[in-house]
Structure formats: structure tokens, C-alpha cells
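Student: Quick one: the structure is below, and I'll ask about it shortly.
The values are calculated or read from the model by the stated rules, or taken from the named source; none is laboratory data. The model shown is predicted, which means the values in this text are computed figures rather than measured ones. Note: ideal-geometry Cβ built from the backbone for every residue, glycine included; neighbour counts use all protein chains shown.
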Amino acid sequence: MNETYQHLWDDSKEYLQLRYQLLKTELVKNLGKLIGLAALLLLGALTCAGILLYLGAALATAIAPYTGGMAIALCITAGVLALTVGLLFALRKPLFIGPVTRAVARILSLDRRLLADKAQAGLESDIERQQKVVEAQGQLCKIRIQTQLQQGTARMGWTILLSLIKRLLFR
């Protein structure tokens, strides 16, 4: 009986180690995606700022002859850019916050359909394959623990029943 508990303890420990390994694997995968998304957003914002700077200068240069000078043209260009920024701020939820929230949710595997699509397309990465192996090992370990618990419970039940019979008979 002591041996059963030792096996149960070993299997439980192995199961917890596998779950910990799975947690670390998922953390690395998701953290990498989040850092990549943050870098992409930062690069996109800097690129858009540079493009707006050059477009503003080009617009100011183009309208300078019609406005009577470069200073007025630059003020008009700054006003147009301010209106653009105000419009982007007003539409920030549908244009920026919603898509970024959905992307982060997909990265954190809250949307399981994306993972299923990737698996069907055969585009699994090494980390995802390792994750599946660890999950399968964890499931096997869990099954072994449940089997041993059932066997141990049955043995303990018979042992308790026999000890009760002995007590009743040999009182």
C-alpha cells in the first residue's frame, strides 16, 4: 500500500513538472508574440510620423505660392495635421483599440479558432509541437494518477472492510 502512494506521489510530481513546463512554453510563445506586436506598433507609429512630416512639408511648399508665403502655408498644413490627429483620436476605438485588443487576445490564445486554423494548415511551430507533446504527457500522467487512485481506493476499501470484520469477529 505504501508503494501505491509512492507511485502516486511520483506521478503527481511528474504531472506538476509537465504542467510547469507547459506554462513556461506558453509564456515564451505569448511573450515573444506580444513583444513582436509592440515593436511592430512602435515601428508603424514612427513611420507614420515621418511620412506625415514629409507630406506636411510638401503640402506647405505646394500651397506657399497661393497663400502669400511659407509661414501661412505651414500654419495651414499644421491645422490640417491637427484635424487629422483629432479625427484619429475620435476614431481610436474602432481603428486602434479594438484591433489591438483582438490581436492580444489571439496571442494569449483566448481565440482558440486561430490555433485550430493553424493546425489544419500545417503551420505549427516547434513551440506549438512541444506544447502538444507536453500536454499529451500530462494527460497520460493524469490518467495514471487517476488509475492509481482508483486502485488505491479499492485496496483501501478492502483493507478497511477486512479490519472492521476482524474487529467484529475477534472482540
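Student: Which residue, of Arg106, Arg92, is surrounded by 12 or more Cβ atoms within 10 Å (Cβ to Cβ), modelled with pLDDT of 70 or more and among the charged types (D, E, K, R)? Full working, then the answer.
Tutor: On the way: Arg92 fails: surrounded by 12 or more Cβ atoms within 10 Å (Cβ to Cβ).
Every option except Arg106 fails the conditions.
Student: In the list Leu41, Leu34, Leu87, Leu8, which residue meets the criterion of being loosely packed, with under 12 Cβ neighbours inside 10 Å and either in a helix (DSSP H, G or I) or of a type outside the set (A, V, I, L, M) (or both)? Spell out the reasoning first.
Tutor: Working: Leu41 fails: loosely packed, with under 12 Cβ neighbours inside 10 Å; Leu34 fails: loosely packed, with under 12 Cβ neighbours inside 10 Å; Leu8 fails: loosely packed, with under 12 Cβ neighbours inside 10 Å.
That would be Leu87, the only listed residue that is loosely packed, with under 12 Cβ neighbours inside 10 Å and either in a helix (DSSP H, G or I) or of a type outside the set (A, V, I, L, M) (or both).
Student: Then there is this: More than 30 Å from Ile143 (Cα to Cα), at pLDDT 85 or above, of a type in the set (A, V, I, L, M) and surrounded by 12 or more Cβ atoms within 10 Å (Cβ to Cβ), is that true of Ile51?
Tutor: no
Student: Further question on the same structure: With respect to Leu55, is the statement that it is closer than 30 Å to Val100 by Cα, in contact with a Ser or Thr (Cβ under 9 Å, 6 or more places away or on another chain) and of a type in the set (A, V, I, L, M, F, W, C) true? Give the derivation first.
Tutor: On the way: closer than 30 Å to Val100 by Cα: yes; in contact with a Ser or Thr (Cβ under 9 Å, 6 or more places away or on another chain): yes; of a type in the set (A, V, I, L, M, F, W, C): yes.
For Leu55, the condition - closer than 30 Å to Val100 by Cα, in contact with a Ser or Thr (Cβ under 9 Å, 6 or more places away or on another chain) and of a type in the set (A, V, I, L, M, F, W, C) - is met.
Student: Determine whether Val134 is modelled with pLDDT of 70 or more, out of contact with any His (no Cβ under 7 Å at 6 or more places or on another chain) and part of a helix (DSSP H, G or I).
Tutor: No; evaluated as a whole, the condition is false for this residue.
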